[in-house]
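Down below is the structure, laid out as structure tokens.
The values are calculated or read from the model by the stated rules, or taken from the named source; none is laboratory data. Note that the structure is a prediction, hence the values are computed from the model and not measured. Backbone-built Cβ (ideal geometry, glycine too); neighbour counts: all protein chains shown. What goes into the accessible areas is simple: the full protein's heavy atoms, side chains included, and nothing from ligands, DNA or RNA. Shrake-Rupley method; radii C 1.70, N 1.55, O 1.52, S 1.80 Å.
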Amino acid sequence: MDLSSLLEFILQYLAVAGVYSLLAISMNVEYGWAGIPNFGKAAFMAVGGAVAAVIATQIGPMLFLGIEGAVPGTLEFFGRYNGEILPAYSQNPLATWGVFILSAIVGGAIAALLGVLFTYPAVRLREDYLAIALLMSAQLIWIVLRTVKPIMGGTMSLILPSPDFKCIAAAIVGGTPPKILVEAIRTGFIWLLVLGYLLYVEKLMGSPFGRKLRIVRDDEVAAEAYGKNVVRARLEAMVVGSFLAGVAGAVYALIHLRSVNPDNYLPDITFMVLTMVLVGGVGNNIGSVVGGMVIALVDRLGYMIGTTLAMSYGVSWGGYLNYLVYGVAIILAIFFRPQGLIPEKPVKTPAWKVYVELTGRRPSFIQPIWTRIKRGVGRVRSRAQESA
Amino acid sequence: MPKNLLEVQNVYKYFGGIRAVDGVSLTVPENSIVGLIGPNGSGKTTLFNVISGYYKPDRGRIIFDGKDITGLKPHEIYRLGLVRTFQNPRMWKSLTVFENVIGAARDQKGESMVKALFKRLWRKQEEDYARQALHWIDFTGLDPVSHMLSSSISGGQMKLTELARALMSNAKLILLDEPAAGVNPTLARKIFDGIERLRREYKLTFFIIEHRLEVLFDYVDYVYVMHRGRIVAEGRPQEVAENPIVVDIYLGG
Ligand SMILES: Nc1ncnc2c1ncn2[C@@H]1O[C@H](COP(=O)(O)OP(=O)(O)OP(=O)(O)O)[C@@H](O)[C@H]1O
Ligand SMILES: [Mg+2]
């Protein structure tokens, strides 16, 4: 493997890992914090993709390009979309960003709405029933996307105008930028969003709100008895999680894949994301990112091994190897490390500052990360000196 | 005559053929300590479950502080100032003891999913609640374990955490389901001394299920005796202790 293809592989990997991290963070809000196993995660992503498709084909041209849109599934669609609209987008970087930003906002909002709608009928039920209800809702969305052509155009992939990173790269180097730089900026942007997700969720959860979600998750009967509206808390978690998934769906469609197809949102994505949360650490937001990075690596390697096996040996099942690994990962995680790679921490509200002041005790989990690292290093060093 | 904080009026709760609560009426006056005793399976916990909104009664009404609370959800009843503890402690097990206590505080501004993002809107309240939580932790003697996960403490400490949570909620009426079960006799008395102090200093009202009659009778103003879903006797502790029906139930089973 030469250097540039290695670099390309790494960028590909990081882009996938970034998108998966967005999804894992969103799943962690629901499953990790609120205990809702959202088996319908793929559908909320699909909403982001569907909104991106509708905006790119029908609303965006009017709003950002000043030309008439085209409705997928109609006779004249491909002629107008490929012949007029896509070329117009490629001449107009600002319009492509307009499509992305609008899709992210509207996609997130509609996903949040559907999160409430799908959860409400089953919100009082046991979590396994809730999971089944969400899984069925996701299938419903998938069927709608396949059959209602004006949304995504049916079952064929629809190319989307990706936000233009070339002009950003060009502004940096001057002149025509190398392709690898454009891809690096694209990947960097995805990770910027990951950082944004992390900051938002950490802030949201390091509060009485985060504590309330955990209280509801840990024991809903006691939660109700102590004034928590359990139904409301669960719906709130679904609003946040589904909003983040909707935005991630727009990112997935417009920035990563640069196309949509209803079959990109099958339940296997949901279970992959669930695996990330389980492996990374249920209830730990950083853990979700770690889980996303681990599973993305399995995903990429599996893909590479699969294609190699298929091309060199004519073996057709190689592409499914990674599913085997996910299964094994879930079982290993549940048996040997149910708390995940990075376990969850107590909710860090300002109450702990008062706790330290009044009791004079400083539990290890509220010490800043660097003192913990320093102490760890110190321990290792003193052990090394002892043995020397 | 003090006013009645709680009135249970002719309440029924059946589970299929089991008549768990079979026409119970009783009152708990403000600032009193009232006991509820009876053999296993006589319906005491079910009555608490009905009062606190966990079950809807089949028939009858529950009046708290002058309001009809029949059929309200537990979190709505909590807001009005009535909380209950659980016979088998229900800890929020992934949280520390300290968080279990502060988590029970009422009207937390930071529990809103929008306000949570703006710390300045809730920081002060959270810090005040933290001090209050530490006060109740001290009061219940939980200080040494307050930083530990609530799943890792002893059963007796869990019962005390239940009590501290109830106190944190700033309720007027606290229903305690066997607060001294499974703890040694000295600690049992200590717990009841604490309850007595809370009644005196904080003007709280208690309605307490307890099997340890020898402890309970030293502290309560009034006792109801339940048997097979009905109130079969009531009165001051001495009267009840001497009541032949009660003696018969407890000895005869
Ligand atoms: N959810 C339920 N479904 C069916 N039967 C129930 C339910 N809850 C309680 N019971 C039954 O109702 C009766 C009263 O139970 P309850 O728990 O109220 O008794 P208790 O007086 O609290 O007993 P203990 O002193 O053992 O705690 C028992 O026969 C019990 O089996
Ligand atoms: Mg009971």
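Quick notes on this structure:
- Residue match in region B:195-208 (condition: on the phi < 0 side of the Ramachandran plot and within 16 Å of ligand 1 (Cβ to nearest atom)): yes
- As a summary of the residue check, B:His211 satisfies the conditions (1) open to solvent by less than 50 Å² (accessible area, probe 1.4 Å); (2) part of a loop (DSSP other than H, G, I, E, B); (3) within 16 Å of ligand 2 (Cβ to nearest atom) except for the one numbered (1).
- Among the residues examined, A:Val277 does not qualify as of a type in the set (Val, Ile, Thr) and over 12 Å from the mean Cα position of the chain (by Cα).
- Condition broken by B:Ile77, with the remaining ones in (1) away from chain A (no Cβ under 14 Å); (2) out of contact with any Lys or Arg (no Cβ under 6 Å at 6 or more places or on another chain); (3) open to solvent by less than 10 Å² (accessible area, probe 1.4 Å) satisfied: (1)
- Within region B:148-157, considering residues that are more than 11 Å from chain A (Cβ to nearest Cβ) and either more than 19 Å from B:Ala188 (Cβ to Cβ) or within 16 Å of ligand 2 (Cβ to nearest atom) (or both), the one least open to solvent (accessible area, probe 1.4 Å): B:Gly155
- Residue that is farthest from B:Asp128 (Cα to Cα), among those in region A:227-240 that are facing chain B (nearest Cβ under 7 Å) and open to solvent by less than 10 Å² (accessible area, probe 1.4 Å): A:Val240
- Residues that are open to solvent by 10 Å² or more (accessible area, probe 1.4 Å) and on the phi < 0 side of the Ramachandran plot were ranked within region B:37-46; the one that is nearest to ligand 2 (Cβ to nearest atom) is B:Thr45.
- One residue from B:Val8, B:Val21 being within 12 Å of ligand 1 (Cβ to nearest atom), on the phi < 0 side of the Ramachandran plot and β-branched (Val, Ile, Thr): B:Val21
- Region B:84-101, subset in contact with a Lys or Arg (Cβ under 8 Å, 6 or more places away or on another chain) and within 7 Å of another protein chain (Cβ to nearest Cβ), residue nearest to B:Gly43 (Cα to Cα): B:Trp92
- Of all residues in region A:162-195, exactly one satisfies the criterion of being at pLDDT 90 or above, outside any helix (DSSP H, G or I) and of a type in the set (S, T, N, Q), namely A:Ser162.
- Matching entry among A:Leu195, A:Leu204, A:Leu181, A:Leu135 (being more than 20 Å from A:Val99 (Cβ to Cβ), touching a Gly at 6+ places or on another chain (Cβ under 6 Å) and either assigned by TED's automatic domain parsing to the domain that holds A:Gly35 or charged (D, E, K, R) (or both)): A:Leu135
- Restricting attention to region B:192-208, the residues being over 19 Å from B:Gln87 (Cα atoms) and in a helix (DSSP H, G or I) number 8.
- Taking region A:59-76 as the range and being in contact (Cβ under 8 Å) with a residue 60 or more places away in the chain and surrounded by 19 or more Cβ atoms within 10 Å (Cβ to Cβ) as the test, the residues that pass are A:Gly60, A:Pro72.
- Residues in region B:118-130 that are touching a helix residue (DSSP H, G or I) at 6+ places or on another chain (Cβ under 6 Å) and at the interface with chain A (Cβ under 9 Å from one of its Cβ atoms): B:Trp122, B:Gln125, B:Glu126, B:Glu127, B:Tyr129, B:Ala130.
- Looking across region B:47-64 at every residue that is crowded, with 17+ Cβ neighbours inside 10 Å and more than 14 Å from every other protein chain (Cβ to nearest Cβ), the one that is farthest from ligand 1 (Cβ to nearest atom) is identified as B:Phe64.
- Residue match in region B:103-114 (condition: in a helix (DSSP H, G or I) and among the aliphatic types (A, V, I, L, M)): no
- Qualifying residue in region B:214-233 (condition: within 16 Å of ligand 1 (Cβ to nearest atom), away from every other protein chain (no Cβ under 14 Å), in a helix (DSSP H, G or I) and under 22 Å from B:Pro39 (Cβ atoms)): yes
- Matching residues, region B:24-46, being near ligand 1 (Cβ under 9 Å from one of its atoms), more than 12 Å from B:Asp177 (Cα to Cα) and either within 14 Å of chain A (Cβ to nearest Cβ) or in contact with a helix residue (DSSP H, G or I) (Cβ under 9 Å, 6 or more places away or on another chain) (or both): B:Gly38, B:Pro39, B:Ser42
- Some residue of region B:70-91 being within 13 Å of ligand 1 (Cβ to nearest atom), modelled with pLDDT of 95 or more and not in a loop (DSSP other than H, G, I, E, B): yes
- Which listed residue, of A:Glu202, A:Glu224, A:Glu220, is more than 8 Å from every other protein chain (Cβ to nearest Cβ) and more than 22 Å from the chain's Cα centre (by Cα): A:Glu220
- When B:Phe118, B:Phe98 are screened for being crowded, with 23+ Cβ neighbours inside 10 Å, aromatic (Phe, Trp, Tyr) and not assigned by TED's automatic domain parsing to the domain that holds B:Glu210, only B:Phe98 passes.
- Total residues in region B:80-91, condition open to solvent by 40 Å² or more (accessible area, probe 1.4 Å) and away from ligand 2 (no atom under 16 Å from the Cβ): 1
- Filtering B:Ala180, B:Ala188, B:Ala166 for residues that are open to solvent by less than 60 Å² (accessible area, probe 1.4 Å), free of Cβ contacts under 8 Å to residues at least 60 places away in the same chain and either in a helix (DSSP H, G or I) or more than 16 Å from ligand 1 (Cβ to nearest atom) (or both) leaves a single hit, B:Ala188.
- Helices (runs of 4 or more DSSP H) fully within region A:288-388 that include at least 1 residues being open to solvent by less than 50 Å² (accessible area, probe 1.4 Å), in contact with a His (Cβ under 6 Å, 6 or more places away or on another chain) and assigned by TED's automatic domain parsing to the domain that holds A:Lys203: none found.
- Flag for B:Lys3 being over 29 Å from B:Ala241 (Cβ atoms) and away from ligand 1 (no atom under 16 Å from the Cβ): no
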